[in-house]
Amino acid sequence: METIAKAVERDLLVVAVTQCHRGSVQLSTYEVGQRLMQIGVVAGGDMTTEACVTKIAYLCGRGLKGKRLRDAMATNLRGELTLAEAEENVALNRDLRL
């Protein structure tokens, strides 16, 4: 946890995704996930690992950094996140980080 917190403090993007074929990452469900959210980890929802990597490359290529990058990662851009998941992620990130 400390290493992840240090990475986020250095303004590095950390996204939690699942490798399960079904389901999603919901950091608000358990204590460890809540702590990850508090330190600034972005919940990848039901986004696949491949979609996450591609999205990071795209957004970084567009020059997004810091909060703008974290917010964009939690937002559905082209169907990579189920809309309900994306809306919940943005709301939770806003509540915990602002």
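The values are calculated or read from the model by the stated rules, or taken from the named source; none is laboratory data. All of these numbers come straight from a predicted model, not from anything done at the bench. Heads up: the accessible areas ignore ligands, DNA and RNA and are worked out on the full protein's heavy atoms, side chains in. Shrake-Rupley method; radii C 1.70, N 1.55, O 1.52, S 1.80 Å.
Largest first, the residues Tyr30, Tyr58 sort by 1.4 Å accessible area into Tyr30, Tyr58. Phi angles of the stretch 10-17 translate, via the Karplus equation with coefficients 6.51, -1.76, 1.60 and θ = phi - 60°, into HN-Hα couplings of 7, 6, 8, 7, 10, 10, 9, 10 Hz per residue; Gly and Pro are given as x.
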